[in-house]
Every structure is written in C-alpha cells, then in structure tokens.
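Undergrad: Shown below is the structure under consideration.
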Amino acid sequence: MEEILDVGYLDELLTKKNKHTVGEAIDVLPFLTKRTKAIKENFNGVLGEYIRRVCEVELAKGKKSKSVDEELYESDNELVNQILKQVSFDDGNSRNDLERFIESFLFNEDHDIKPIHPYLFNYVPVPEKHDNEFNKYAQFLKDAFAGDSSALKETFNQKDHHDILTELILQNIESLKDSKPKEQNYQSMLPSITNLYQEDLLYLSQHQEYFLQSFELLTHFYTMTYVCQLILKLERFENADYSEPSPLYYALDWESVSKRRKPADELEGFKFIKEKSSNLFVHIHTLSHLSHNHLNTSLTNNKKSLMNYKELFDLVFQEGQEEVLLTDIKKWIANYSEWQQMKNAPEPQTLSEAFPAMFDCLKYGMSTTVCEKFGKNIEDLGSGRFIKSRGSLGHVLNITHEMLLLLTAVSVKDNRIPLNQLFEEFAKRGVMFDRYSKKEVIALFDSLNILDKKSDSGDAQYVKPIL
C-alpha cells in the first residue's frame with residue numbers, strides 16, 4: 001500500500017519507548033528541557049569550543065586538571081617563560097616588569113585568556129561546570145552557522161600578526177592537537193540567516209582589531225535572531241516564507257517606548273516570541289515525526305534531515321501525493337490518540353489542517369512545564385543584551401549602541417549606501433525599526449558624522465563606511 005509517512009516506525013517509537021522522542025531526526029536547537037540559565041550573560045563561554053570544532057582541533061590535556069587559562073597564568077607558566085627567554089634584560093626588575101605586562105596583556109582580571117589574535121580563540125576553555133550545555137551550543141554553531149566553510153576555518157587557523165609581542169606568543173604557545181570532525185547533530189533551518197552570518201563574519205575578519213571586539217557579539221546576535229525567526233516561521237506552518245526574515249521590531253536601548261510602539265506590539269515584537277516560545281518544543285517534535293517520510297533523504301550519519309512544514313507541503317503537492325500524506329497523518333493521529341487516550345482527537349480534512357492537528361495532538365500529550373522550560377531558554381539566551389525590561393510594557397527586543405554600529409558596519413561594508421538601503425539591510429538580518437527608532441538612528445549617525453545628508457529625503461542620504 002502506498003505510504004509517505006513511516007507511520008509504523010513512529011507508532012513503534014512511541015509505544016516501545018513510551019515517551020516522546022525525535023527518533024532518527026537530526027536536532028534543531030541546543031536548548032535543554034531542564035533549564036539551567038547557564039548561557040545567561042555568558043555566551044562568551046561557548047566560543048572557544050565552537051572555534052575548535054570549526055578548526056578540528058582540541059586543547060592538549062596535561063597531567064594537571066586545570067584549564068589552559070589557569071596553567072598559563074601560573075607565575076612560572078611555560079608560555080610566559082618561553083617568551084621571556086627570547087628577550088635580553090639588564091636586570092631582574094626589567095624581567096619582572098615585562099612578565100607582569102605580558103600577563104596583563106594576555107589575561108583579564110578573572111585570569112581568563114584574552115584573544116588578542118583570532119588564533120587564540122582556540123584556547124578559550126569551556127566553563128567546566130557547564131561543559132555539557134556549552135558543548136551543545138558549540139556543536140550547534142558549528143553545524144548550523146559555520147558548516148564546512150573553509151574560509152571561516154582559515155580565519156581562526158592563521159597566525160598572521162602585526163607586532164613582535166603577538167609573534168612571540170603565537171610562536172611559543174602550546175600546540176593544539178588535531179581532532180576528528182564531530183558528528184553532525186544539527187542542521188540550519190534558516191540558510192538565509194546563516195549565510196549572512198558567514199558573510200558578515202568574513203568581512204569583519206578583514207579588520208582584525210574590530211573583529212576581535214565584535215566576534216562574540218555578532219555570533220550571539222545571529223544566534224538570538226535565528227531562534228526568534230524560527231519561532232515566527234514555525235507558527236505559520238506551511239504558509240511561512242523561508243527566503244527572508246519575518247518582521248520583528250526592536251527598540252534602541254536609549255530611547256523611551258510606549259505601548260503604541262511596534263517593539264511593544266503583540267504580533268511583531270518580543271511579546272509574540274515569548275508567548276509562542278513554549279510551542280517550540282512541540283514544533284520540533286512535530287517536524288521530527290513528519291520528517292520520517294519516504295520522500296526525505298538520510299544524512300551521512302544516517303540521521304533524517306529535518307523538513308519544515310512548507311518544504312514537505314510543497315513537495316507532496318509537486319508529486320501529487322497530498323491525499324496520501326493526509327491519509328498517513330490521519331493514521332498517525334488515530335495511533336497517537338489511542339496511546340494518549342485522547343477523547344476528542346482532531347479530524348483534519350485537508351493537508352493544511354493536518355499539520356496543526358499533529359501539533360495539537362503532541363501538545364496535548366506533552367508536559368506543559370517541560371515545554372515552557374524549553375521555550376524559556378530563549379529568554380536566557382537574549383537576557384541582558386537583546387531583551388530589555390520596559391516596566392509595565394514587559395520585555396522588548398533591544399539594540400544597544402554597540403550593536404547598532406556593528407550592524408551598520410557589516411551592512412554598509414566598504415562603500416556608502418543610501419539610508420533606506422541600510423534599513424533594508426537591517427531587516428535582512430532580522431531587525432526592523434519603526435519610524436520613531438529610525439529618527440533616533442538618523443540623529444545618532446548625524447552626530448557621529450557618518451551620514452552624507454544631501455536632503456531630508458531618505459533616498460538622498462547616504463551612510464558612510466565606519467571601518
């Protein structure tokens with residue numbers, strides 16, 4: 001009998017394991033159902049392992065159980081001694097002064113290594129107590145954002161330098177060990193977002209000093225944008241447009257916001273994201289079940305790639321098999337309803353009704369607490385930087401002065417562009433501003449002298465490169 005959805009496998013998956021599981025489907029996000037809040041205001045802790053996975057290296061582990069930072073910071077650490085051996089001193093005081101300078105140059109107050117060169121990101125350790133969660137984020141960034149980009153790998157593998165001290169450090173730092181590529185655990189559901197991330201990151205890498213300052217912020221921003229946009233797309237089921245971001249309004253950190261402003265809107269601001277975040281866990285399981293179909297292809301690690309609602313919907317219509325899939329989903333609903341002892345199971349009459357019906361079944365059978373905890377990971381991800389409390393308005397999406405200039409730098413790049421085009425570039429990166437915020441942006445650019453203002457018309461105003 002003709003079949004698209006592997007209903008038998010899915011039924012067996014539920015009844016044998018007697019719990020919700022994604023089966024062979026690849027994962028979507030590094031969120032945990034047991035919320036830890038570890039990522040909250042600590043995104044930097046992910047970067048070292050992320051870059052090591054991009055470069056396919058690992059830290060050489062010595063006999064000591066200390067991190068690389070702790071070992072390097074010891075007063076008798078090998079790295080500093082090796083550097084000092086390359087220098088001649090008139091007396092011991094001069095040697096001590098240089099030693100203190102190198103330590104302050106390479107380490108912050110918490111004794112964490114400061115990446116003064118892209119290559120040194122490879123040496124940023126994962127906080128030990130958050131090893132599992134941060135490694136998940138690192139693998140997610142590698143799979144969904146970096147992919148197999150040789151250009152990104154070269155950015156963090158190269159040792160080009162511009163000063164003698166950096167040269168001494170790079171030549172004498174402990175070698176990294178080659179490691180086997182990690183198995184792919186995630187896939188990009190929003191290629192338009194991840195492609196822009198790579199484009200922007202590679203552009204910034206041409207300006208090393210600014211790159212070192214902004215790499216963490218840019219990566220954090222795109223991760224937050226990715227999750228927000230994913231929620232917006234999934235909530236529209238097969239009607240979502242994956243070719244460009246959906247409208248989502250931000251407020252500027254320094255401006256006041258009223259309830260009538262777009263950033264406080266219930267449909268186009270953070271309120272919508274927050275309200276629908278608990279659905280994210282259910283959507284992932286719905287897509288995982290739908291992806292166990294005979295039109296889908298397996299990845300090299302035998303996992304099933306995840307098909308979004310629109311992708312599957314369009315494919316079955318193209319193949320003229322929408323009725324076949326609808327029949328399969330009805331079987332799945334009947335099996336699931338029996339397993340969960342649902343009294344009023346949905347009865348979809350069209351494929352457009354079938355996807356939400358599957359979603360509703362899974363939501364009925366899942367723990368509300370688990371779904372809410374999973375969804376609230378997004379608040380931890382954006383807290384303190386991209387989400388701001390606005391009193392009685394609640395939380396809104398937020399763009400700081402630093403983030404605005406970073407977005408401007410990667411949007412304008414090396415040639416001035418019309419002001420209106422700049423706002424279009426912001427929108428491509430998932431950031432929309434209402435007319436009040438746009439006025440604030442223009443005023444800021446004017447004060448910074450990066451605006452060529454030939455008239456009050458947006459078409460006649462140009463934004464200059466800032467790098």
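Undergrad: Checking GLU183 against (1) at pLDDT below 95; (2) closer than 22 Å to ILE284 by Cα; (3) in a helix (DSSP H, G or I), which single condition isn't satisfied?
TA: (3)
Undergrad: When the residues of the stretch 131-155 are narrowed to those that are more than 12 Å from the chain's Cα centre (by Cα) and among the hydroxyl-bearing types (Ser, Thr, Tyr), which ends up nearest to GLN208 (Cα to Cα)?
TA: Here is the first cut: in the stretch 131-155, the residues more than 12 Å from the chain's Cα centre (by Cα) are 131-135, 147-155.
Still in the running and among the hydroxyl-bearing types (Ser, Thr, Tyr): 149-150, 155.
Numbers: SER149: 19, SER150: 18, THR155: 10 Å.
Checked the stretch 131-155; the qualifying residue nearest to GLN208 (Cα to Cα) is THR155.
Undergrad: Still on this structure, I have one more. Checking TYR462 against (1) within 28 Å of LYS259 (Cα to Cα); (2) in contact with a strand residue (DSSP E or B) (Cβ under 6 Å, 6 or more places away or on another chain); (3) hydroxyl-bearing (Ser, Thr, Tyr), which single condition isn't satisfied?
TA: (1)
Undergrad: Looking only at the stretch 191-201, which residues are more than 14 Å from VAL412 (Cα to Cα) and either of a type outside the set (A, V, I, L, M) or surrounded by fewer than 19 Cβ atoms within 10 Å (Cβ to Cβ) (or both)? Break it down stepwise before answering.
TA: At the first step, the residues of the stretch 191-201 found to be more than 14 Å from VAL412 (Cα to Cα) are 191-195, 197-198.
Within the stretch 191-201, PRO191, SER192, THR194, ASN195, TYR197, GLN198 meet the criteria.
Undergrad: Go through the stretch 154-189 and report how many residues are among the aliphatic types (A, V, I, L, M) and farther than 19 Å from VAL87 by Cα.
TA: Going residue by residue through the stretch 154-189, those that are among the aliphatic types (A, V, I, L, M) are 164-165, 168-170, 173, 176, 189.
Next, from what is left, pick out any that are farther than 19 Å from VAL87 by Cα: 176, 189.
Adding up the residues that qualify gives 2.
Undergrad: If I go through the stretch 122-170 residue by residue, how many of them are assigned to a helix (DSSP H, G or I), open to solvent by less than 40 Å² (accessible area, probe 1.4 Å) and modelled with pLDDT under 90?
TA: Total meeting the criteria: 6.
Undergrad: Being closer than 26 Å to LYS233 by Cα and not polar (S, T, N, Q), is that true of even one residue in the stretch 441-461?
TA: No, that holds for no residue.
Undergrad: Further, regarding this structure: Give the number of residues within the stretch 278-298 that are in a loop (DSSP other than H, G, I, E, B) and surrounded by fewer than 16 Cβ atoms within 10 Å (Cβ to Cβ).
TA: Residues in the stretch 278-298 being in a loop (DSSP other than H, G, I, E, B) and surrounded by fewer than 16 Cβ atoms within 10 Å (Cβ to Cβ): 2 in total.
Undergrad: Picking from ASP76, ASP69, which residue would you name as being open to solvent by less than 80 Å² (accessible area, probe 1.4 Å) and modelled with pLDDT under 85? Explain how you work it out, then say what you get.
TA: Details: ASP76 fails: open to solvent by less than 80 Å² (accessible area, probe 1.4 Å).
One residue alone meets the criteria, ASP69.
Undergrad: Before we move on, is LEU404 modelled with pLDDT of 95 or more, outside any helix (DSSP H, G or I), closer than 23 Å to GLU268 by Cβ and open to solvent by less than 40 Å² (accessible area, probe 1.4 Å)?
TA: Values: modelled with pLDDT of 95 or more: yes; outside any helix (DSSP H, G or I): no; closer than 23 Å to GLU268 by Cβ: yes; open to solvent by less than 40 Å² (accessible area, probe 1.4 Å): yes.
Spelling it out, it is not the case that LEU404 is modelled with pLDDT of 95 or more, outside any helix (DSSP H, G or I), closer than 23 Å to GLU268 by Cβ and open to solvent by less than 40 Å² (accessible area, probe 1.4 Å).
Undergrad: Checking PHE426 against (1) among the aromatic types (Phe, Trp, Tyr); (2) free of Cβ contacts under 8 Å to residues at least 24 places away in the same chain; (3) assigned to a strand (DSSP E or B), which test does it fail?
TA: (3)
Undergrad: Residue check, MET342 against (1) touching a Gly at 6+ places or on another chain (Cβ under 9 Å); (2) part of a helix (DSSP H, G or I), all met but one. Which one?
TA: With (1) touching a Gly at 6+ places or on another chain (Cβ under 9 Å); (2) part of a helix (DSSP H, G or I) applied to MET342, the lone miss is (2).
Undergrad: Contact list please: Cβ distance under 7 Å, first residue in the stretch 318-334 and open to solvent by 60 Å² or more (accessible area, probe 1.4 Å), second residue charged (D, E, K, R) and part of a helix (DSSP H, G or I), pairs at least six apart or on different chains.
TA: Once the first residue is open to solvent by 60 Å² or more (accessible area, probe 1.4 Å) and sits in the stretch 318-334, no partner that is charged (D, E, K, R) and part of a helix (DSSP H, G or I) comes close enough.
Undergrad: May I ask you to verify whether LYS19 is within 21 Å of the chain's Cα centre (by Cα) and open to solvent by 40 Å² or more (accessible area, probe 1.4 Å)?
TA: no
Undergrad: For residues that are within 44 Å of the chain's Cα centre (by Cα) and part of a helix (DSSP H, G or I), scanning just the stretch 82-94, find the one that is nearest to THR166 (Cα to Cα). Let's see the steps before the verdict.
TA: Step one: filter the stretch 82-94 for residues within 44 Å of the chain's Cα centre (by Cα), giving 82-87.
Filter once more, keeping what is part of a helix (DSSP H, G or I): 82-85.
On the way: GLN82: 13, ILE83: 10, LEU84: 13, LYS85: 15 Å.
Checked the stretch 82-94; the qualifying residue nearest to THR166 (Cα to Cα) is ILE83.
Undergrad: If a residue must be of a type in the set (A, V, I, L, M) and in a helix (DSSP H, G or I), how many such residues does the stretch 374-401 contain?
TA: Quick first cut of the stretch 374-401, residues of a type in the set (A, V, I, L, M) only: 378, 381, 387, 393, 396-397, 399.
So of that shortlist, the ones also in a helix (DSSP H, G or I) come out as 378, 381, 393.
Residues that pass the stated criteria total 3.
Undergrad: Can I ask one more? Scan the stretch 233-267 residue by residue and report those that are part of a loop (DSSP other than H, G, I, E, B), in contact (Cβ under 8 Å) with a residue 60 or more places away in the chain, of a type outside the set (Ser, Thr, Tyr) and open to solvent by less than 50 Å² (accessible area, probe 1.4 Å).
TA: ALA240, PRO245, LEU248, GLU255, VAL257, ARG261
Undergrad: Looking only at the stretch 340-370, filter to residues that are open to solvent by 60 Å² or more (accessible area, probe 1.4 Å) and not polar (S, T, N, Q); which one of those is nearest to LYS34 (Cα to Cα)?
TA: LYS363
Undergrad: Can you pull out the residues in the stretch 299-316 that are open to solvent by 10 Å² or more (accessible area, probe 1.4 Å) and part of a helix (DSSP H, G or I)?
TA: LYS310, GLU311, PHE313, ASP314, LEU315, listed by residue number.
Undergrad: When ASN293 is evaluated against the numbered criteria (1) without any contact (Cβ under 8 Å) to a residue 40 or more places away in the chain; (2) in contact with a strand residue (DSSP E or B) (Cβ under 6 Å, 6 or more places away or on another chain), which criterion, by number, is the only one it fails?
TA: It is condition (1) that ASN293 fails.
Undergrad: Condition first: in contact (Cβ under 8 Å) with a residue 12 or more places away in the chain and not aromatic (Phe, Trp, Tyr). Now tell me which residues in the stretch 377-391 satisfy that.
TA: The first filter runs over the stretch 377-391 and keeps only residues in contact (Cβ under 8 Å) with a residue 12 or more places away in the chain, leaving 377-388, 390.
Matches in the stretch 377-391: ASN377, ILE378, GLU379, ASP380, LEU381, GLY382, SER383, GLY384, ARG385, ILE387, LYS388, ARG390.
The values are calculated or read from the model by the stated rules, or taken from the named source; none is laboratory data. Remember, predicted model here, so these are calculated numbers, not experimental data. Here the Cβ is made from the backbone with ideal geometry for all residues, glycine too, and neighbour counts use every protein chain on show. Each accessible area value is taken on the protein alone, full model and side chains, heavy atoms only, with ligands, DNA and RNA left out. Shrake-Rupley method; radii C 1.70, N 1.55, O 1.52, S 1.80 Å.
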